[in-house]
Amino acid sequence: MNKQELKLHLQDTQWPLTYIDHDRNIVRAIVIDEKQNFYFVRAKRNDDFGEATLIETSGGGVEASESLEAALKRELKEELGANVEIIDRIGVVDDYYNLIHRHNINNYYLCKAISFGEKHLTPDEINEFHLSTLKLSYDEALREYNRCANTRIGKLIAARELPILKQAKNLLDRKQNR
């Protein structure tokens, strides 16, 4: 696994901190295919965080009895319809959503898509977040994160995920140059 894991500790700069009452252990992935296309989810939301259209890595919460890797494969199958091979661990980003009083522990991985099939989205992912799949080049993904950072929640997500995307690209470049 990756000997140079990224470790970031970010604060919520968009909403005031009143208190944090829970932690959420999360798995997320930068997913690539054999042609170096990157896969993300697009979320269109209008909730307590405001109205926003966002790019985000695929992933979600780890259930009590799951390993990080099992949760990751389950989440990628549900949200992208992807069966994946885990290539490497990218790192961990601790961040906060002050508005909902939550501390997130985001465990990031680099994964290669083996195949794509049917998605298994939850009713909230369909009706509240309108999740869809984005297939982008690295440069397109950078532009999309920067474009979506024009909202308060978009700024938090971009602060968390742009360093991860750049670290994933560095890992891929090093693997290709071996």
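Things worth noting here:
- Dividing the helix sum by the residues of the chain, where each DSSP H run of 4 or more adds -39500 (n - 2.57), gives a mean residue ellipticity at 222 nm of -9500 deg cm²/dmol.
- The stretch 1-37 and the stretch 105-160: distance between their alpha carbon centers, rounded to Å: 12 Å
- Computed over the stretch 108-178, Kirkwood Rh from alpha-carbon pairs, angstrom: 14.4 Å
- Within the chain, the whole DSSP H helices whose Cα atoms reach 27 Å or more along their own axis and whose mean Kyte-Doolittle score is at least -1.0 are 152-176.
- Counting only heavy atoms of the protein chains and using a 1.4 Å probe, LEU68 has close to 40 Å² of accessible surface.
- Taking every C-alpha pair closer than 8 Å and separated by at least 6 residues, the mean separation divided by the residue count of the chain gives a relative contact order of 31 percent.
- Remark: the stretch 25-84 carries 39 Å² of accessible area per residue (probe radius 1.4 Å; ligands, DNA and RNA excluded).
- The longest stretch of the chain left intact once loop-based GluC sites (Glu not before Pro) with at most 16 other Cβ atoms within 10 Å are removed from consideration, loops following DSSP, is 67-117.
- Looking at the stretch 2-68, the trypsin sites (Lys or Arg not before Pro) that sit in a DSSP loop and have at most 13 other Cβ atoms within 10 Å of their own Cβ are LYS3, LYS35.
- Each Cα pair under 8 Å and six or more residues apart adds its separation to the average, and for the stretch 16-55 the resulting relative contact order is 23 percent.
- Among beta bridges from DSSP that stay inside the chain, the antiparallel ones total about 70%.
- Per-atom-type breakdown for the stretch 50-178 gives carbon and sulfur 48% of the accessible area (1.4 Å probe, protein chains only).
The values are calculated or read from the model by the stated rules, or taken from the named source; none is laboratory data. Because the structure is predicted, anything quoted here is derived from the model rather than measured. Using ideal geometry, Cβ is built from the backbone for each residue, glycine included, and neighbour counts are taken over all protein chains shown. Keep in mind that these areas ignore ligands, DNA and RNA; they rest on the heavy atoms of the full protein, side chains included. Shrake-Rupley method; radii C 1.70, N 1.55, O 1.52, S 1.80 Å.
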